[in-house]
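Below: one structure, written as structure tokens.
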Amino acid sequence: MAKPGNPAAGRGKKKGATKGSGGKNRRSLEGRGPTPKAEDRAWHPAGKRKAAAERYAAAGGKARPSGSAASAPRRAPKKDDDTENVTGRNSVLEALRAKIPATALYIAQRVEMDDRVKEMLAIATHRDIPVLEVTRPELDRMAGFDGVHQGVALKVPPYAYAHPQDLLEKIIDSGQTPLLVALDGITDPRNLGAIIRSTAAFGGQGIIVPQRRSAGVNSAAWKTSAGAAARVPVALAANLTTMLKEFKKQGVFVLGLDGGGEVALPDLQLADRPVVIVVGSEGKGLSRLVTETCDQIVSIPISTAAESLNAGIAASVALYQVATLRAARTAG
């Protein structure tokens, strides 16, 4: 029995590891350092893609098409620049036919091969455009939330806008009577795409959009235009009102579309003259300064069952009417 006051009283021998043994495994406590990035791990899918990309670059940056897609499929890169992804078979094919300087053609895995896809591949091969096979989810991402890609996408540089004055001079020099459409406050690119398509359908020679507060030619506009954006030029005006005034000095009549216009579209007398049709936004209509600049405000007669027309539809109706009146007066 231990004596009272003995500091060791009641302490038995402890079994197992003693405190301080961690020093023995100091290296294991230091850890293995930061986890390597996925692309730096050779076995990881991202690492395999990186290696494939390096081989692709080393080969000179040209894909070797095999069948319906490239021999070395790559994941579509994240969009971190100003390029646009044109999607949809008609839009992609028209862009390729127009020789737009595309940088890559994306084809979905196991895509249905119709005549359009075959022509795309033939053009891309002839022009040395890389053909890259991607998954449908990748194409979904490239097409955007509401985009429909139909298994194809084309990466193109930022749209090259024309200058309004150059556009007008080119039309006059060609001997045509100018028929242009200007957009005032149209911010939905799908409306822009629809108007581009209608302009092409009814003999218009171009679109003019202001530099600020306006939709631009992006992937949505390309898609809605069904490829017409490859044929109909879009000009960018620093100031729409100033540009319209300059056009008026050169003999172009400015017609604004508005439900309360003083001239009904069927009674338009200026259809055979050089004209620019100005379309305002569906909500606010034409701006005050643009309205004051117009030679005439033209209304489209509609049923009382509808309050107004969508901007794209209004432009289509006006273009059709002008084209019809021109044809009738030419025949007469």
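Here, each number is a calculation from the coordinates, and none is a lab measurement. Just so it is clear, the structure is predicted and the values come from calculations on it, not from any experiment. Here the Cβ is made from the backbone with ideal geometry for all residues, glycine too, and neighbour counts use every protein chain on show.
Computed from the C-beta positions of Arg116 and Val263 and an R0 of 30 Å, the FRET efficiency is 0.10 to the nearest 0.05. The packing ranking of peptides 84-93, 253-262, highest mean first, is 84-93, 253-262, where packing means the average number of other beta carbon atoms within 10 angstrom of each residue.
Computed extension length for Ile172-Asp40: 41.6 nm, one decimal, from 0.36 nm per residue of separation with the Cα-Cα distance subtracted. With a Förster radius of 25 Å applied to the C-beta separation of Ser303 and Ala331, the computed FRET efficiency comes to 0.25. Sequence-distant contacts, meaning Cα pairs under 8 Å at least 6 residues apart, place the relative contact order of region 164-331 at 27 percent.
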